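The values are calculated or read from the model by the stated rules, or taken from the named source; none is laboratory data. The shown structure was predicted, so the numbers you read here are calculated from the model rather than taken from an experiment. Quick reminder, even Gly has a Cβ in these numbers, built from the backbone with ideal geometry, and neighbours come from all protein chains shown. Surface areas here come from the heavy atoms of the whole protein model, side chains and all, with no ligands, DNA or RNA. Shrake-Rupley method; radii C 1.70, N 1.55, O 1.52, S 1.80 Å.
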Amino acid sequence: MSVVEKFGTMEYGPAPEDAKESLLWLDGRKRRFGHFIAGVWHDPAEGKYFETADPSTGEKLADIAQGSVADIDAAVSAARTALPAWQNLSCPTRAKYLYAVARQIQKNSRRLAVLETLDNGKPIRESRDIDIPLVARHFYHHAGWAQLLDQEFPAHESCGVVGQIIPWNFPLLMLAWKIAPALATGNTVVLKPAEYTPLTALAFAEICNEVGLPAGVVNIVTGDGATGEALVKHTEVDKIAFTGSTEVGRAIRRATAQSHKKLSLELGGKSPFIVFEDADLDSAVEGLVDGIWFNQGQVCCAGSRLLVQESVAAKLTRKLQARMSTLRVGSPLDKSIDIGAIIARVQLERIESLVKQGIAEGAVCWQPEIVLPSRGLFYKPTLLSNVHPTSIVAQQEIFGPVLAAMTFRTPREAVELANNTVYGLAASVWSESVNVALQAAAQIKSGVVWVNSTNLFDAACGFGGYRESGFGREGGREGLLEYLEPAWFKRAPALKSESISANGNTPDVVVPTTVIDRTVKLYIGGKQTRPDSGYSIPVHGAKGELLGAASLGNRKDIRNAVEAARKAEGWGKTTAHNRAQILFYIAENLSQRADEIKARLTAAVGAKQAAAEVQSSLERLFSYAAWADKFDGAVHSPPFRNISIAMNEPIGTVGVICPNDTPLLGFFSLVLPLISAGNTAVAIPSEKYPLIAADLYQVFETSDVPGGVINIVTGRTSELLKTLAEHDDLDALWCFGDSATCSTAKALSAGNLKQTWTNEGRALDLFSVEQGEGRTFLQHAYQLKNIWVPYGE
Ligand code: NAI
């Protein structure tokens, strides 16, 4: 046999990683684990345990405590007790703890990697070379942030006690993404790992004790969804950070709406992997291996939708199938395995069922002729082609090693297909032309775009989604903000519960618009329009006198306004300089009408406040004109041959519920940051004095504000809020009002998971620059997209 023939028949021999040390670790704990609360192991209050098993063999690994309400209560109370001392530590001292954790993870990296692979079924190559090194990197990076916290985030405070719930696909990595920024910013933590993969979190608990982390700073309670729910609902928790399914994310949005809990959600995805005809196809094929077969495709940002330009589709498919035939599926502990086990039988059945449905809808299924292990939970790498964009396999997250392929003809069609999803987590774009790649990257609606690369993560770069992939970022400066609050915001007193009728307006009275001469109309798409209802509500002054009437807007008016705002989204693509010019122009025109506006406003809020509102509104206009081209993103430097460009992008179309007590300044304080950032707005002005809208129309009309950029619908806040919050084509909702109004906004926004920002029912001093304008407002007016661009050889 010649060398060449021998080479052709050469097979990989098994190269198993030795699991002895990890198994000894399990044995040393008698394969039974309680909860880690206040630095001590506790038996579960109700005495219940469940099993965790190795998905590649089905063998039981250990018994795990099932957390109950009482266990969560004990853990939250431990975190609360530990909070003041932890918050008051100096920055360098907190940093030292994080460094120590990072070091200890590195020292134990092999044992942790094996434990992760045993519990999760992912190839040891991945847990050893990707998961655990990134865990250590995350703690090192955030040790640095702990050191710099006071310098870089002055006048900010930690949220307090943070509840964190993580999934099973990257158990220790998700723990690091959650715990490192929380501790760096002075929060204490109760973390619930996923029920399928609790082991590395429990090993991490030991590391906390080994480095002498003060008791109660990190608490780990194991259990299922019910345990997670108890944590979400606990009244002493100040923030919830969740990674998992969109469905549970939605439930958590609703469950936290009645509280002031801060919330970040990292949810599902259906990320496009776009291959243009000028791409390096061999690299793109390797990218696909990492994009969809990494971690068996159980990755929220998996490149699960292949969009390939028609001219190269056949060629790419041939190359891809050849590569798929060389993928090795088998024992995850084998170092030469590419694809390990699926986490659980229910997930495997879900994958099988979705693929069947896809085939029934016309997809052509191709799998390589490889032999799967005889036991354990495995699924072949799968290519579904001829997939219709509306097919279930193109729309739903499969969370398995299944690629759904579609073709496109033009770059424009590629972007349309890419955005044809409710998700917006990540995207990969492959082209040798920097123009084509970056043009697509700018247009795709997702929090991360990898150019000629895929599934790259780093502690310095924010990760998180647009749309129903959630809100908030993890990693880098942007991720830290999720665990901090400006002190003025956190400490603001509660606003009195608002009742409009107490101010003289009688919400129950409506009159036909024809009865009162001067009825303020609605302002939609740049035009003054009559309300659909044909009715108006009387508006009274501070002394109860009738000042005029405002149109009674309804559901249909809101829908028209959202449509107009959506059509005007070209505003976000105008240059920031142009947006600034228009804001200056508004200021000029407001200034010319200052006296008459002041006089009318006086009837509602008194002369002193009216003068102050007009003056502050003018200043606010100048501020946001100034900000329009200055709220820059960043260029991150991850430790690869890449840069990650963190771009601030407008969120899109945003609903605005303006505060009641400052009719003019309240309107400008919320609407200006949004339009300065390039969003379009549908605003509901103060119900107390909606007549201000009439003055605003005239100012906007004379200031070249393009029609549809600002839309105003007057009426009853409670009714209009409901329609706005439930509107599926609205991207975000800002609501400043009393506590009940804010809760309603949050609860009703859960449908399409629109980003919701409220004053949490607090009384903010909008007249002050600190509380009324600036970075905090702008941070909520933009969303960050991280575009990873390779450079160098
Ligand atoms: P899941 O969303 O149910 O579980 C994630 C975590 O949330 C687990 O720790 C779980 O115990 C907890 N949880 C469940 N219900 C809860 C509730 N009502 N309140 C608080 N916590 C709760 O995800 P699951 O069932 O493990 O997977 C189902 C599907 O979700 C997958 O097929 C996949 O499509 C998606 N998924 C997405 C992930 C991502 O990273 N985006 C991660 C895991 C799953």
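Expressed to the nearest 5 percent, the antiparallel share of DSSP beta bridges inside the chain is 40 percent.
So for the stretch 659-793, averaging the separation of alpha carbon pairs under 8 Å that are six or more residues apart and normalising by length, what relative contact order in percent results?
So the answer I get is 24 percent.
In the assembled protein chains, Arg579 presents an accessible area of approximately 20 Å² (probe radius 1.4 Å). With the simple model of a label 7 Å out from the Cα in the direction of the Cβ, Glu349 to Ala607 spans 7.7 nm. Both radii are taken from the alpha-carbon atoms of the stretch 520-646; with Rh as the Kirkwood radius, Rg/Rh is 1.12.
Straight Cα distances below 17 angstrom link Lys96 to the aspartates and glutamates Asp150, Glu210, with same-chain residues fewer than 8 positions distant left out.
Relative contact order for the stretch 1-131: what percent, with Cα pairs under 8 Å and sequence separation of 6 or more?
Details: 112 pairs, mean separation 30.0, N = 131.
Once normalised by length, the contact order is 23 percent.
For Lys315, a cut-off of 25 angstrom between C-alpha atoms picks up these lysines, skipping any fewer than 8 places away in its own chain: Lys270, Lys380. How charged is the neighbourhood of Asn560? Take every other residue with its Cβ under 15 Å from the Cβ of Asn560, and add Lys/Arg as +1 and Asp/Glu as -1. So the environment of Asn560 carries a net charge of +4. Solvent-accessible surface of protein heavy atoms, probed at 1.4 angstrom with all chains present, puts Phe640, Phe622 in the order Phe622, Phe640, largest first.
Given the -39500 (n - 2.57) contribution per DSSP H run of 4+ residues, what per-residue ellipticity at 222 nm results for the chain, rounded to the nearest 500 deg cm²/dmol? Numbers along the way, then the final one.
Values: 28 runs with 324 residues, N = 793.
Rounded to the nearest 500, it is -12500 deg cm²/dmol.
If R0 equals 60 Å, the separation of the Cβ atoms of Val511 and Ala576 corresponds to a calculated FRET efficiency of about 0.85.
Using a cut-off of 28 Å between Cα atoms, the listed pairs Lys30/Lys107; Lys30/Lys239; Lys233/Lys754; Lys48/Lys192; Lys527/Lys598 include Lys30/Lys239 as exceeding that distance. Near the amide H of Phe273, within less than 5 Å, lie the amide hydrogens of Arg305, Leu306, Leu307, Ser428, all on another chain or at least 5 residues away, with H placed in the peptide plane. Using a cutoff of 8 angstrom between alpha carbon atoms and counting only pairs six or more residues apart, the relative contact order for the stretch 145-277 works out to 26 percent.
Please sort by residue number the GluC sites (Glu not before Pro) in the stretch 1-69 whose DSSP state is loop and whose Cβ has at most 14 other Cβ atoms within 10 Å.
Working: sites: Glu5, Glu11, Glu17, Glu21, Glu46, Glu51, Glu59; in loops: Glu11, Glu17, Glu46, Glu59.
The qualifying sites are Glu11, Glu46, Glu59.
Taking every protein chain into account, the 1.4 Å probe leaves Arg128 with about 70 Å² of accessible area, to the nearest ten.
So for each of 588-599, 177-188 I average, over its residues, the number of other beta carbons within 10 Å; can you give me the resulting order with the highest mean first?
Working: 588-599: 15.4, 177-188: 27.1.
By packing density, highest mean first, the sequence is 177-188, 588-599.
If you plug the beta carbon distance of Thr93 and Gln528 into 1/(1 + (r/R0)^6) with R0 = 45 Å, you get a FRET efficiency near 0.15. The aspartates and glutamates whose alpha-carbon is closer than 17 Å to the alpha-carbon of Lys556, local same-chain residues fewer than 8 away aside, are Asp532, Glu719, Glu726, Asp728, Asp729.
Note on Tyr12 and Phe153: with the Förster distance fixed at 35 Å, the Cβ-Cβ geometry gives a FRET efficiency of about 0.10.
Under 15 Å from the Cβ of Lys239, count the other residues' Cβ atoms, weight Lys and Arg +1, Asp and Glu -1, and hand me the total.
Details: positive: Arg80, Lys178, Lys192, Lys233, Arg253, Lys261, Lys262, Arg473, Lys490, Lys746; negative: Glu157, Glu236, Asp238, Glu266, Glu474, Glu482, Glu485, Glu760.
In short, +2.
Protein-only accessible surface at a 1.4 angstrom probe places the residues His260, His138 in the order His260, His138, largest first.
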